[in-house]
Amino acid sequence: MKKLNFLPLVLFFFIVFIFFRHLFLQGKLPIPSDTIVGLYHPFRDLYSKEYPNGIPFKNFLITDPVRQQFPWRELAVEVEKRFELPLWNPYGFSGTPLVANYQTAAFYPLNFLFFLFPFSISWSILIVFESLMAGVFLYFYLNSLRLNKWASLVGAISFSFSGFFIAWMEWGTIIHTAIWLPLILLSIDKIFVCSKNDNSKFKIQNYVVWAIILVFSLTSSFFAGHLQTFFYLYTLSVIYCFAKWIQFGRKKRMLFLFIILNSLFIILTSVQWITTLQFILLSARDIDQVSFNNPGWFIPWQNLIQFVAPDFFGNPSTLNYWGIWNYGEFIGYVGILPLIMAVFVLFFRRDKKTLFYGVIFFISLIFSFPTIFAKIPYILQIPFLSTIQPTRLLFIIDFSLAVLAAFGFDYFLRHKKAIVYPLIFMILIFVGLWFFVLFGNQITKITLAENIIVAKRNLVFPTLLLAISGILLFILMRFPKAERRFAIMIYIIIVGVTIFDLLRFGFKFTPFTNKEYLFPNTKIISFLQKKPGQFRIMTTDSRIFPPNFSTIYKIQSVDGYDPLYLRRYGEFIAASERKSPSIDPPFGFNRIITPHNYDSKIIDLLGVKYILSLSDIESPKLKKVFQEGQTRVYENKNYAPRVFFVGEMKVVNNKNEAIQAMFDKDFDFRKIAVVEDYRGVNRNTHPMCDRCEAEILLYSENKIVINTNIDNDGFLVLTDSFYPTWHATIDGKQTRIFRTDYNFRGVLVPKGEHTVIFYNTLLGFMHHVSS
């Protein structure tokens, strides 16, 4: 590789510093913690004197990072610091897999940051690394293609601050999956280049180095925590590798090499994909889905406008978004000038690289918009493909546009070809948009006047950028042999316009928040944390202590928010909410389980001791015990202990019989356990325990130790969710765990004093999947 001029990289580092200046200069975090204190109780109660309506927050659309990714990663890292695998999360869904939850990203290599700094600081560094690594990797990839350094910089900027990056930046998973793509492609290129050289020691060393980089990049991307984004990345990488294989003579040894490297990748990542696959097979992922016919499942055709005017339909951060569904799912903006360059290269440049990325761009468009081709996987119910939302293809679209923009700017700088046609094309688009905002409402009569005002206001800035970009490009085209200093000045101005364009767009959407807003402690939380024993909580209102917040405070809850949740648990809660033994889908919730029927016997069985409400509750089993601001805490006098013995077993053959038995009017879960899959056990050993004692000595994420003392054989019920990776021993000897009371665990315990241990392992018995 020829010696690189690092000035553009220095400039890129400065750009990243400017974007994250609130973090570096003011200590504010790139975490949407303002939504915690601005949207939810009891945190709003904490600041109610100063802010009666809640602390103002920048972007209501960005809540998932603090409701999912941040709590999951913190719990995983905390367990890893104890040199344990983060297998289980007892704080949501009444117990749910943790490492098998792919978005936990428990094995991501950059998690080493969490072992060096406080968690919030490490998380902030992780977010900074997204733009930094994506831009640097793409710059080196484009430079390796012998592009002009300024063209490489334009491509790096337009990718690392594109609409896809800005929309998903603070999730900490989606973008970290995406950033490895340029390095993967660079590695593939370098391996093929090495194959052309002679059989020298230098060649072998390069082979090994780039092969290691390729496997490491693929593995890192997979472990980063977003399966759908990785699927698109891996698919593109395989296609790219195949295209290079054809270009470099279709050598069998090269094909064999890449098969070996991919096999190594599969082996290295098996610790994640096997556990995740097991979780998926036991989850409600296949039934708890939004129909692909719903508005917003595909990118609506009108949202093509957002490639030239990102806020034409408004912006959630300014509370004026009037488009369909979710702004963040549709934003593919890469900047006005990069878009002009991408259009330009598609007009004029004729080479294999342009053709490859042009085809990838158009195929991604076809499958992300509601075309007949895009609907085929959903019509045919193709596994995996029929459960993923195609709007995330914007990752590949934006990457292709960024690369094409670099190709275009490089070609323009080298040849100074007329850029009139691409500019005319862009001007016609803007003329059409201005015609719509000025006269379209009078013609269609379907768009509200206030929406037209929003569209008109947000069209002004892109129009000015188009005019400025056109003038700068025209100057370069008009003076192709200008003095070098003059030309460099124009290059810098062009890059500066792109920087200003994308950073302004990113600043508008991205929140930076005060440290004290990140999961503060409140009186109610302290009250719950100080209560002894194992119990769970629930809420009567979605505005209180939302799902997964309990994970941060180590308070166990019956609710949860995750695209993957155990199907049995979803059915169990659905029956409780319906007040009937109905377990058929749809359940009435999608990804978010927040049961509110506190009068249900199932809620008592789940061990819900405290119920949080924003209004007074009248119930004979509830007693008000605490209040902070508007948030009340009620104690449930009928809650069941986490472990207890029953005096009778009712054996059933399947889950339908189990749920029917539990809704029988005479059923008392304190006396009877409904047990499934009782085959192979002596039916004469029905437990008839009269005086039974069970005490939890240790309760952790991966291990539960219980001391028992009974005067006869007994059946011990543990009201944590059943999952095949859990095992049990009695006095060190393995014993069988039975699926009990539809969703929980139970073991037969002989008379006398014993130590029962439930422990979690990495892999369970796959034969349980069918049940």
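The values are calculated or read from the model by the stated rules, or taken from the named source; none is laboratory data. Quick caveat, the model's predicted, so the values are computed rather than measured. Here Cβ is always computed from backbone atoms with ideal geometry, including for glycine, and neighbour counts include all displayed protein chains. All accessible areas refer to the heavy atoms of the entire protein, side chains included, with ligands and DNA or RNA removed. Shrake-Rupley method; radii C 1.70, N 1.55, O 1.52, S 1.80 Å.
Using packing as a proxy for protection, rank 232-239, 390-397, 128-135 so that the peptide with the highest average count of other Cβ atoms within 10 Å comes first. Show your work: numbers first, answer last.
On the way: 232-239: 18.4, 390-397: 25.2, 128-135: 22.4.
Final packing ranking: 390-397, 128-135, 232-239.
Tell me the carbon and sulfur percent of the accessible area for the range 109-178, rounded to whole percent, probe radius 1.4 Å.
Carbon and sulfur atoms account for 71 percent of the accessible area of the range 109-178.
ASN53 versus GLU450, label points 7 Å from Cα toward the beta carbon: distance in nm?
So the two model labels end up 1.4 nm from each other.
Name the helices (complete DSSP H segments) of the chain with a Cα length along the long axis of 20 Å or more and a Kyte-Doolittle mean of at least 1.0, or state none. Before the final figure, lay out the partial values.
Numbers: long enough: 119-144 (36 Å, 1.43); 181-196 (23 Å, 1.48); 201-223 (33 Å, 1.16); 227-247 (30 Å, 0.92); 252-268 (24 Å, 2.04); 352-368 (24 Å, 1.45); 394-415 (30 Å, 1.39); 420-435 (22 Å, 2.46); 449-478 (43 Å, 1.45); 484-509 (38 Å, 1.42).
Long hydrophobic helices here: 119-144, 181-196, 201-223, 252-268, 352-368, 394-415, 420-435, 449-478, 484-509.
At LYS515 and LYS196, where each label point lies 7 Å from the Cα along Cα→Cβ, what is the point-to-point distance in nanometres?
5.3 nm
Provide the per residue accessible area, probe 1.4 Å, for the range 474-610, rounded to a whole number of square angstrom.
Working: 5520 Å² over 137 residues.
I get 40 Å² per residue for this part.
When only C-alpha pairs under 8 Å and at least 6 residues apart count, what is the relative contact order of the chain, in percent?
Values: 1318 pairs, mean separation 118.4, N = 771.
Relative CO of the chain lands at 15 percent.
With unit charges on the beta carbons (Lys and Arg positive, Asp and Glu negative) and the dipole taken about the Cα centre of the chain, which residue among GLY54, TYR378, ALA134 sits farthest to the positive side?
Positive-end residue among those listed: ALA134.
Specify which labelled value, from (1) 1.00; (2) 1.06; (3) 1.22, agrees with Cα Rg over 2.2 N^0.38 Å derived from the coordinates of the model shown.
(2)
How high is the relative contact order of the range 229-388, in percent, counting Cα pairs under 8 Å that sit 6 or more residues apart? Before the final figure, lay out each step's value.
Numbers: 74 pairs, mean separation 28.7, N = 160.
In percent, rounded to a whole number, it is 18.
Suppose R0 equals 25 Å; then what is the FRET efficiency for GLU753 and GLU635 from their Cβ-Cβ distance, rounded to the nearest 0.05? It would help to have the intermediate numbers written out before the result.
On the way: r = 32 Å, r/R0 = 1.27.
Plugging the Cβ-Cβ distance into 1/(1 + (r/R0)^6) gives 0.20.
Taking only DSSP H segments of four or more residues, each worth -39500 (n - 2.57), what value at 222 nm results for the chain once the sum is divided by all its residues, to the nearest 500 deg cm²/dmol?
Working: 28 runs with 357 residues, N = 771.
Helices in the chain give a 222 nm mean residue ellipticity of -14500 deg cm²/dmol.
What net charge is computed for the residues neighbouring GLN556, neighbours being all others with C-beta under 13 Å from the C-beta of GLN556, Lys and Arg scored +1, Asp and Glu -1?
Every neighbour counted, the sum reads +2.
Within 10 Å, count the other beta carbons around each residue, average over each peptide in 603-613, 97-107, and list them highest first.
Details: 603-613: 23.5, 97-107: 25.3.
Final packing ranking: 97-107, 603-613.
Pop a pseudo-label 7 angstrom from the Cα along the beta-carbon direction at both GLU78 and ARG21 and give the gap in nm to one decimal.
Once both label points are built, they end up 3.7 nm from each other.
Taking R0 as 45 Å, what FRET efficiency do you get between ILE492 and PHE117 from their Cβ-Cβ distance, rounded to the nearest 0.05?
So, using R0 = 45 Å, E works out to roughly 0.80.
Hey, what do the phi angles of the range 306-311 turn into as Karplus ³J(HN,Hα) couplings, whole Hz, using 6.51/-1.76/1.60 and θ = phi - 60°, x for Gly and Pro?
Here the 3J(HN,Hα) series is 5, 6, 10, 9, x, 10 Hz.
Work out how much length PHE474 to SER582 would gain on full extension: take 0.36 nm times their residue separation and subtract the Cα-Cα distance, in nm to one decimal.
Numbers: separation 108, 0.36 × 108 = 38.88 nm, distance 6.89 nm.
Once the chain is fully extended between PHE474 and SER582, it gains 32.0 nm.
Give, as a single signed number, the net charge of other residues whose beta carbon lies under 12 Å from the beta carbon of PRO316, with Lys and Arg counted +1 and Asp and Glu -1.
On the way: positive: LYS58, LYS508; negative: ASP311, GLU329.
Surrounding charge for PRO316 is 0.
Give, in nm to one decimal, the length gained when the segment between PHE500 and LYS554 is fully stretched (0.36 nm per residue of separation minus the Cα-Cα distance).
15.1 nm
ASP616: net charge of surrounding residues, Cβ under 9 Å, Lys/Arg +1, Asp/Glu -1, itself excluded?
Here the charged neighbours net out to +1.
For a quick protection proxy, order the peptides 638-645, 749-756 by their average other-Cβ count within 10 Å, most packed first.
On the way: 638-645: 19.8, 749-756: 16.5.
Ranking the peptides 638-645, 749-756 by packing returns 638-645, 749-756.
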